[in-house]
Amino acid sequence: MSLRGITESNYDAVISLKVKEDQRRFLVSNHYSLEQAKIHEDYMPMTIYEEEELVGFLMYCLHPDEYHYLIIRFMIDEKHQSKGLGAEAMKQLLQYMKEEKSQKMVYISFEPDNEQARRLYKRLGFQPVHSEWVEEEVLYRIRF
């Protein structure tokens, strides 16, 4: 498992990644996310590889005012779900964040009825928090 940057050679493949039909309402397209990253210089899009196969996409940023990380997007392609790859990728991302900066918190939000995301994040140690800056979504946080 490795997290890698977006390149000219994997850009189209990242756009082609899809979640299962019943999960599509939870995410915007990867194409939209990559367009957002062009506008927001602090957004860091990353690919998720299992050996040399692209299996997912994520995007995060270091919140400039609050000094914490925010995971903006996280998805595993439908063909690669239920194999533990999402948990492994998130563990790697969290370890990277813990080592890269002295930030003590990471936030992630998701739709209230996305039970698969809720179970994954709780299993990884995220806890629910209340915030006015996330409307109509559940906000979770993990402290290092």
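Taken together, the values in this text are just the output of simple stated rules run on the coordinates, not laboratory data. The structure presented is a predicted model; accordingly, all values stated were derived computationally and were not measured. With ideal geometry, Cβ positions are generated from the backbone for all residues, glycine too; neighbour counts draw on all protein chains shown.
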**Asked** Antiparallel as a % of all DSSP beta bridges within the chain, to the nearest 5?
**Response** 90
**Message:** Which residue, F57, F74, Y96, has the largest displacement toward the positive end of the dipole of the chain when charges sit on each Cβ (Lys, Arg +1; Asp, Glu -1)?
**Reply:** Y96
**Asked** Once the mean 1/r over all distinct Cα pairs of the chain is inverted, what Kirkwood radius in angstroms do you read off?
**Response** 15.5
**Prompt:** In Å, the Kirkwood hydrodynamic radius of the stretch 44-107 over pairs of distinct alpha carbons?
**Reply:** 12.4
**Item:** Karplus-derived 3J(HN,Hα), 6.51/-1.76/1.60, for each residue of the stretch 85-91, Hz, glycine and proline x
**Value:** 5, x, 5, 5, 5, 5, 4
**Asked** Hey, got the dipole for the chain? About the Cα centre, +1 on K and R Cβ, -1 on D and E Cβ, debye to the nearest 20?
**Response** 580
